[in-house]
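Input: one structure, supplied below.
The values are calculated or read from the model by the stated rules, or taken from the named source; none is laboratory data. Small disclaimer: the values here were computed from a predicted structure and weren't measured. Here the Cβ is made from the backbone with ideal geometry for all residues, glycine too, and neighbour counts use every protein chain on show.
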Amino acid sequence: MPRSAIGARIARSEVAPAVIFVLAWLAYFGMLQYSVVRFRVRIVVTLTAACVALSWWLARRATVRLPAGAVAVALTGSALLGLTVPLFSYLPSGWESAAMWVLAAGAVGAAVALLRDRPRSAWASAVGAYALASVIAIRTDPTPKIDVWVTLQQAADALARGDNFYSVTWVNSPGIKDAFTYLPWTAVLLAPGRWLAGDVRWMHLLWALVLAVGIWQLGVASRARVGRSIAAAATALVLLVPGTLTQIDQAWTEPLLLAALTWWAVLIVRGQACWAVIPLALACASKQHLAVVLPLLVVWRPFGAARAIATGALTGVLIAPWFLSAPADFVHDTITLLVGFHPIRFANTWYLFFLHTYGITLPFWITGLIVLGTLSLALWFVARRQPPLGELLRWVALVLLIANLVNKQAFYNQYWLVGALVAVSLVADRPRAHPQGRSADSPTPPGPVPRGSGSRPERSVG
């Protein structure tokens, strides 16, 4: 077997799935870089095609195996797209170019290291490039003109004063001025960057490093060298996708969420499901839409209803100080404002497609019906199949993706989380084998599948 293969020898029937994955990955993230800040029908169509592909993948219960060559193509393609597709940032043009070349060099370096079967070097190349690009962005654009950064900065100041940031009116915000639209632990987990170094984006960088370590640990749980290889590949794919510099510059918070979800997965694979409640609760107490994760975990036996309920309870405890001190402000900022917020013209969703193309404003109940219908379908499949961890993460990604596509507001960062979850799911597809022959996240022992159980062995796509 060639040393460059990530995973077992790739059968001829598995080549097509790897090619499809790489093409879909590049189309998805290339269009996402292009989407900031513009609406185009072709962007919505591309994102929808990716949704169809992910749905098909889940329907087939497929395992995609990526040889190092395929990952190298994906990383090299990411570098080229990053350099050629229009990019939005507030960095001075010279420094923007420098940061983009750093990210491109990191991607190519990771690709070469994977081809030479050096996963540690590939991981280090990706992490080093991301860190250097972050330093460039933070130092050369100290005051990005986006309400996300302004609200996070001033929420950290309010937290330091002991004020409830849901009751604060923001100063010099180019967008929202009277609301903190995240759940409170986004501010708590990012505030030390402001307190210690003057900018919350330093904590964004730290959480991205925590994410990278988490992906590596998920691969290490495999106990095989292949685990480290796919972990290095996933780290590079996640950190160096097109649009990364915009996400860093704009202080978008999704890497924080993915870091928490990844460490939840690490603890699940290690057989420490009770401890996994903590990172999952921190994620749920940071952003509202992660509430869709908990119902899926209620019916997924390796985590189970009791731990899912404990996660919800801990989330409530984490949120309670802000809610109890200003309940009306909290509900306004995190629920009412968002439900009634006007559509933003460059959100690439089907809601905006109908508005831009036909002048039709879809009623909110249609969005709710589609999201609840998707979640119900995912619940049925997860409860019936009891999938392994990797497939479960893809179900979470699919629910989030469909919610994005039909919403009034969905931008690069929300779509980034979906793609990044899919990349992490590839690492989770390769859990450590327990001495008894069971994987850490396997809900049932190996052996014949009972007739009518609804489960069947995984197979390769195509």
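Considering region 161-173 alone, what residues qualify as being of a type outside the set (S, T, N, Q) and touching a helix residue (DSSP H, G or I) at 6+ places or on another chain (Cβ under 6 Å)?
Phe165, Tyr166, Val168, Trp170, listed by residue number.
Right, another one. In region 263-281, how many are of a type in the set (Phe, Trp, Tyr) and not in a loop (DSSP other than H, G, I, E, B)?
2
Mind checking which pairs have a first residue in region 305-316 that is under 11 Å from Ala285 (Cβ atoms) and a second that is assigned to a helix (DSSP H, G or I) and β-branched (Val, Ile, Thr), Cβ under 6 Å, 6 or more apart or different chains?
That search, which allows pairs on different chains as well, returns Thr311/Val277.
Same structure, new question: Which members of region 65-79 meet the condition of being surrounded by fewer than 21 Cβ atoms within 10 Å (Cβ to Cβ) and touching a Leu at 6+ places or on another chain (Cβ under 9 Å)?
If the condition is that a residue be surrounded by fewer than 21 Cβ atoms within 10 Å (Cβ to Cβ) and touching a Leu at 6+ places or on another chain (Cβ under 9 Å), then Gly69, Val73, Gly77 are the ones that fit.
May I ask you to verify whether Thr246 is among the polar types (S, T, N, Q), closer than 25 Å to Gly109 by Cα, under 14 Å from the mean Cα position of the chain (by Cα) and not in a loop (DSSP other than H, G, I, E, B)?
no
When the residues of region 389-418 are filtered to those that are more than 17 Å from Trp263 (Cα to Cα) and within 10 Å of the chain's Cα centre (by Cα), which remaining residue is surrounded by the most Cβ atoms within 10 Å (Cβ to Cβ)?
Ranking the candidates gives Tyr415 first.
Here's something else I'd like to know. What about Asp199, is it farther than 24 Å from Phe341 by Cβ, among the acidic types (Asp, Glu) and assigned to a loop (DSSP other than H, G, I, E, B)?
So Asp199 passes the test.
A further question on this structure: From Thr357, Thr367, Thr361, grab the single residue that is polar (S, T, N, Q) and either touching a Cys at 6+ places or on another chain (Cβ under 8 Å) or outside any helix (DSSP H, G or I) (or both).
Criteria check complete, one pass: Thr361.
State all residues of region 282-333 that are assigned to a helix (DSSP H, G or I) and polar (S, T, N, Q); if no residue qualifies, say none.
Gln288, Thr311, Thr315, Ser325, listed by residue number.
Pick out the one residue from Val85, Val168 that is of a type outside the set (Ser, Thr, Tyr) and out of contact with any Pro (no Cβ under 9 Å at 6 or more places or on another chain). Even if it seems obvious, please write down each step before you answer.
Values: Val85 fails: out of contact with any Pro (no Cβ under 9 Å at 6 or more places or on another chain).
Just a single option satisfies the conditions, and that option is Val168.
For the condition surrounded by fewer than 24 Cβ atoms within 10 Å (Cβ to Cβ) and either of a type outside the set (S, T, N, Q) or outside any helix (DSSP H, G or I) (or both), what is the one hit in Ala122, Ala158?
Values: Ala122 fails: surrounded by fewer than 24 Cβ atoms within 10 Å (Cβ to Cβ).
The match here is Ala158.
Can you tell me which residues in region 122-142 are touching a residue at least 40 places away in the same chain (Cβ under 8 Å) and not hydrophobic (A, V, I, L, M, F, W, C)?
Within region 122-142, Ser125, Tyr130, Ser134, Thr140, Asp141, Pro142 qualify.
Write out, first by first residue and then by second, each pair whose Cβ atoms fall under 6 Å of each other, whose residues are 6+ apart or on separate chains, and whose first residue, in region 355-380, is under 15 Å from Ala410 (Cα atoms) while the second is part of a helix (DSSP H, G or I) and of a type in the set (A, V, I, L, M).
Val371/Ala403
Could you say which residue among Thr367, Thr374, Thr311, Thr349 is surrounded by 18 or more Cβ atoms within 10 Å (Cβ to Cβ), at pLDDT below 95 and either in contact with an Asp or Glu (Cβ under 9 Å, 6 or more places away or on another chain) or not hydrophobic (A, V, I, L, M, F, W, C) (or both)?
On inspection, the qualifying residue turns out to be Thr367.
Give the number of residues within region 293-302 that are buried (at least 18 other Cβ atoms within 10 Å of the Cβ) and more than 20 Å from the chain's Cα centre (by Cα).
Within region 293-302, residues that are buried (at least 18 other Cβ atoms within 10 Å of the Cβ) and more than 20 Å from the chain's Cα centre (by Cα) number 4.
Where residues in region 283-292 are of a type outside the set (Gly, Ala, Ser) and surrounded by fewer than 23 Cβ atoms within 10 Å (Cβ to Cβ), which of them is modelled with the lowest pLDDT? Before you say what the answer is, go through the steps one by one.
Applying the first criterion (of a type outside the set (Gly, Ala, Ser)) to region 283-292 yields 284, 287-290, 292.
After this cut, where a residue has to be surrounded by fewer than 23 Cβ atoms within 10 Å (Cβ to Cβ) as well, the list is 287-290, 292.
Details: Lys287: 96, Gln288: 95, His289: 90, Leu290: 92, Val292: 87.
Filtering region 283-292 for residues that are of a type outside the set (Gly, Ala, Ser) and surrounded by fewer than 23 Cβ atoms within 10 Å (Cβ to Cβ), the one modelled with the lowest pLDDT comes out as Val292.
Being in a helix (DSSP H, G or I) and in contact (Cβ under 8 Å) with a residue 24 or more places away in the chain: is that true of Ala212 here?
yes
I'm trying to understand the selection: among the residues of region 175-225, which are of a type in the set (Val, Ile, Thr) and under 25 Å from Leu240 (Cα atoms)?
Thr186, Val200, Val210, Val213, Ile215, Val220 - these are the residues of region 175-225 that are of a type in the set (Val, Ile, Thr) and under 25 Å from Leu240 (Cα atoms).
Same structure again: If you scan region 179-204, which residues turn out to be touching a Pro at 6+ places or on another chain (Cβ under 9 Å) and surrounded by fewer than 21 Cβ atoms within 10 Å (Cβ to Cβ)?
Within region 179-204, Gly198, Trp202 qualify.
Being of a type in the set (Lys, Arg), under 27 Å from Trp380 (Cβ atoms) and without any contact (Cβ under 8 Å) to a residue 40 or more places away in the chain, is that true of even one residue in region 272-289?
no
With Val293, Val269 as the choices, which residue is of a type outside the set (Lys, Arg), touching an Asp or Glu at 6+ places or on another chain (Cβ under 8 Å), within 27 Å of Trp207 (Cα to Cα) and touching a residue at least 12 places away in the same chain (Cβ under 8 Å)?
Just one listed residue meets the conditions, Val269.
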